[in-house]
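Enquirer: Pasting a structure here, questions to come.
Derivation of every value follows stated rules applied to the coordinates shown; laboratory data play no part. As the structure is a prediction and not an experimental result, all values here were calculated from the model. Please note: Cβ atoms are built from the backbone with ideal geometry, for glycine as well, and neighbour counts cover all protein chains shown.
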Amino acid sequence: MVVSVLSGKVIAQIDEASGICFVENSKSLVVVNDEGWLYEITKKGKTIRKKYLGDYDLEGVDYDKKTKKLFLAVEGRESILVVDFKTFKIIKELKVKRTYKGIKLLKKSKGAGFEAIAVDNGDIYLSNQSKITYKKRLKENASVIVRVSLLDKKKLKIKEIYNHGYIDIAGITFHNGFLYMVSDKKNLFIKYDLTNSKTIYKRKLPKYAQEGICFDNSGHIYVADDNGRVLRYKEKNYLK
């Protein structure tokens, strides 16, 4: 059942905000946008610092507390930027192989490509933005989550794919063992069991351009809106 809830509170205005993550050590948020900018802001929305990284269509960001690095998803190039959190300096760019078991999964086309990223236990999970669903068999450019390992020394190979059954998943994050996703086109907030490939529940979001999602350590959910906002929700209204 889809449940509708009230909208969140706008805490910051960032043009074309496309990804967001929480950094527990600094108790701050990191936001990226479509124009290649990287921001650090407080949980109340005040800008701490920002940096232009270059001509990148940044569509997602996550922080790995083990390595103290940021991992940014780059649409179009279908690559990952590895950035030092302390300096905001780009360390390297990692390309992801576009095929999986002979199928061209990451196809170069308008409105398709990497749209979200999440780090979990040394693996990187990326959402391929697409309106093509994976039904009985995998299709080219399907809307799926892909997993890559940073242990690959050259081009990162897709190790596994996850068929969630939704289109246009624009934001993903891990929280308490589950994958949480937002669908831009469908305005959905989804709790997903990745291990068992099962939706736990989904809730309706107000209609806007959800592009990123994260949780903090004090009961809040944050959503990056491509229309230029960062919104904060009360976790208790969305979790059960």
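Enquirer: Among the residues of the stretch 181-201, is there at least one that is more than 16 Å from the chain's Cα centre (by Cα), within 14 Å of Tyr238 (Cα to Cα) and in a strand (DSSP E or B)?
Expert: yes
Enquirer: All but one of (1) under 25 Å from Leu205 (Cβ atoms); (2) among the β-branched types (Val, Ile, Thr); (3) surrounded by 17 or more Cβ atoms within 10 Å (Cβ to Cβ) hold for Thr133; state the number of the condition that does not hold.
Expert: It fails just one condition, (3).
Enquirer: Further question: For the stretch 143-161, which positions are basic (Lys, Arg) and farther than 22 Å from Gln129 by Cα?
Expert: Passing the criteria: Lys153, Lys154.
Enquirer: Among the numbered criteria (1) among the charged types (D, E, K, R); (2) assigned to a strand (DSSP E or B); (3) surrounded by fewer than 21 Cβ atoms within 10 Å (Cβ to Cβ), which one does Glu59 miss?
Expert: Here Glu59 clears every test but (3).
Enquirer: Please specify each residue of the stretch 55-66 satisfying the condition of being closer than 15 Å to Val119 by Cα and in contact with a Gly (Cβ under 9 Å, 6 or more places away or on another chain).
Expert: Glu59, Gly60, Val61, Asp62, Asp64, Lys66
Enquirer: If you go through the stretch 14-52, how many residues are part of a strand (DSSP E or B) and within 19 Å of the chain's Cα centre (by Cα)?
Expert: Number of matching residues: 18.
Enquirer: Right, here's the next one. Are any residues in the stretch 80-102 acidic (Asp, Glu) and loosely packed, with under 13 Cβ neighbours inside 10 Å, and if so, which ones?
Expert: none
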